[in-house]
Amino acid sequence: MTVEQQTRAAPGRSRRRSRRDEILGIAVGLFAARGYHGVSMDDIGAAAGVTGPALYHHFAGKEAMLVAALVPVSEGLLAGGRERALRHAEDPRAAVESLITFHVEFALANPAVIALHLHELDRLPEEPRREIRRLQRLYVEEWVRVLTALHAGLPAEEARVLAHAAFGLMNSTPFLGGEVDRRRRAELLRAATLAALLASPQS
């Protein structure tokens, strides 16, 4: 289940994927593969087996699809990050490990969404784009709080550098081939990110 689906599902309850979710997943995959401007509503409808009127019943257009794909992801990451940081508030090392596991699972499950974030965020209207940026900043601050607790004396601005470097490692999933199976990719990404964040920063 993607973060977008997790965000919209009731807590503790499994949820079948709706037709809207299926169409959105297809659109995200096409946007990631061809670029936002390389995909038309007709392309999405054809790939989803949906006629034009039925497609517009679910989404007003491509822009609405992009918003529906990206805003819930940022909301889900922030909620998940806060929950894990709070759960391990007394143990910064455990909090770092939990945050890494959470983000790696997201990154492996949603490479197309990450690709959209990297390349298509500026296609959004100003209001949702600003909201996504705000949610992203809050998510980063969860990592900053944990890292400054882990490394005594580490300034917050330096912790942000480390957090963004960690995201660079974990968000590499759109560029990873299939030569290594998913379980091993998760292990490698977790180990590399943890090693980077546990290393004592030198002034």
* To do: Looking only at the range 90-101, count how many residues are within 21 Å of Val180 (Cβ to Cβ) and crowded, with 17+ Cβ neighbours inside 10 Å.
  => 1
* Go through the residues of the range 109-124 one by one and say whether even a single one is basic (Lys, Arg) and either under 26 Å from Leu176 (Cα atoms) or crowded, with 17+ Cβ neighbours inside 10 Å (or both). => yes
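Here's the yes/no breakdown for (1) assigned to a helix (DSSP H, G or I); (2) in contact (Cβ under 8 Å) with a residue 24 or more places away in the chain; (3) open to solvent by 20 Å² or more (accessible area, probe 1.4 Å):
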position: Ala46; (1), (2), (3): yes, no, yes
position: Pro53; (1), (2), (3): yes, no, yes
position: Val67; (1), (2), (3): yes, yes, yes
position: Leu70; (1), (2), (3): yes, yes, no
position: Glu75; (1), (2), (3): yes, yes, yes
position: Glu83; (1), (2), (3): yes, no, yes
* Asked: Is it true that some residue in the range 185-201 is open to solvent by 60 Å² or more (accessible area, probe 1.4 Å) and of a type in the set (S, T, N, Q)?
  -> yes
* Scan the range 123-138 and give yes if some residue there is out of contact with any Lys or Arg (no Cβ under 8 Å at 6 or more places or on another chain), more than 16 Å from His103 (Cα to Cα) and in a loop (DSSP other than H, G, I, E, B), otherwise no. => yes
* Long-range neighbours under 9 Å by Cβ, at least six apart or interchain, first residue touching a residue at least 12 places away in the same chain (Cβ under 8 Å) within the range 129-149, second of a type in the set (Phe, Trp, Tyr) and crowded, with 17+ Cβ neighbours inside 10 Å -> Val140/Phe167; Trp143/Phe167
* Listed residues Leu150, Leu138, Leu121; which is farther than 25 Å from Leu70 by Cα and in contact with a helix residue (DSSP H, G or I) (Cβ under 7 Å, 6 or more places away or on another chain)? -> Leu150
* Please enumerate the residues belonging to the range 158-174 that are part of a helix (DSSP H, G or I), in contact with a helix residue (DSSP H, G or I) (Cβ under 9 Å, 6 or more places away or on another chain) and under 26 Å from Gln202 (Cβ atoms). => Glu158, Ala159, Arg160, Leu162, Ala163, His164, Ala165, Ala166, Phe167, Leu169, Met170
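The values are calculated or read from the model by the stated rules, or taken from the named source; none is laboratory data. As the structure is a prediction and not an experimental result, all values here were calculated from the model. Ideal geometry is used to build each Cβ from the backbone, glycine not excepted, and the neighbour counts take in all protein chains shown. The accessibility values were calculated without ligands, DNA or RNA, using every heavy atom of the protein model including side chains. Shrake-Rupley method; radii C 1.70, N 1.55, O 1.52, S 1.80 Å.
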